[in-house]
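Reading through the structure tokens given below for one structure.
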Amino acid sequence: MRILVVEDDVNLNRQLADTLKEAGYVVDQAFDGEEGHFLGDTEPYDAIILDIGLPEMDGVTVLEKWRGAGRGVPVLILTARDRWSDKVAGIDAGADDYVTKPFHVEEVLARIRALIRRAAGHSSSEIICGPVRLDTKTSKAMVNGVTLKLTSHEYRLLAYLMHHMGEVVSRSELVEHMYDQDFDRDSNTIEVFVGRLRKKMGVDLIETVRGLGYRIQAPNNAH
């Protein structure tokens, strides 16, 4: 899962990015509205954290431009405590949720998890596929109640497939959502991670759709 943080306060941006990375997300950072708009317009994100009071281009304008261009990515806006008008403007511009400064980063994490789940059509913090249970709150995966020991890349791969259960996901899409913009991306590594995941899971749920990508689905839905 890949997140963009657009916040001009360097310390707050770093704090958010570090917390998200610790929770297993891949994070790109922008420090002004123009840079944030460009990244959100050209890179695929699972969610975006967007400050309203940005230099170069304010957050509401950035959001309006994304929505005007048909970008449907979930956006969580950050607003100042005494600026209720910012909240209204942000929601009207197409924000999915907001957090008021100052805030606890745990609240931001919880809201981001919820936005990503809702965007994928899941209402619970747990996503279940046959014997596999993904707990998005703790970033853990279990098979038949036994916790899997996964690397960060393996977890991201499994999480993305489970959020998009039943859909065929291409290798390039997986690469785009597993690595940040500066990473030297190689789609061949996806095959390696899928192989490792299958071995650790011990259940045959990840299907290779020849020439298209991968799909995970419960056994009773298998084709």
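Below, the figures for the structure above:
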| quantity | calculated |
| --- | --- |
| Mean separation of Cα contacts under 8 Å, 6 or more apart, over the residue count of region 69-135: relative contact order % | 26 percent |
| Structure-derived Cα extents along the principal axes in Å: which label, when the choices are (i) 50, 39, 28; (ii) 62, 41, 28; (iii) 52, 32, 29 | (iii) |
| Per residue accessible area of the chain, 1.4 Å probe, in Å² | 48 Å² |
| Per-residue SASA entry for residue 31, accessible area with 1.4 Å probe, Å² rounded to 10 | 80 Å² |
| Net charge of neighbours whose Cβ lies under 11 Å from the Cβ of residue 212, counting Lys and Arg as +1 and Asp and Glu as -1 | 0 |
| Alpha-carbon centroid distance for the pair region 42-86 / region 97-123, whole angstrom | 14 Å |
| Solvent-accessible ranking of 177, 153, largest area first, probe 1.4 Å | 153, 177 |
| Shape category assigned to region 1-118 from the gyration tensor of Cα positions, a/c cut at 1.5 | rounded |
| Average Cα contact separation per residue, the chain, under 8 Å, 6 or more apart, as relative contact order % | 16 percent |
| The chain: most fluctuating residue of 202, 90, 36 per GNM, C-alpha cutoff 10 Å | 202 |
| Region 103-197: C-alpha gyration tensor shape, a/c 1.5 cut-off, then a/b vs b/c | oblate |
| Carbon and sulfur %, accessible surface of the chain computed with the full protein complex present, 1.4 Å | 47 percent |
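The values are calculated or read from the model by the stated rules, or taken from the named source; none is laboratory data. This is a predicted model, so every value here is computed, not measured. FYI the Cβ positions are ideal-geometry reconstructions off the backbone, even for glycines, and counts take in every protein chain you see. Accessible surface is based on the protein model in full, side chains and every heavy atom, while ligands, DNA and RNA are left aside. Shrake-Rupley method; radii C 1.70, N 1.55, O 1.52, S 1.80 Å.
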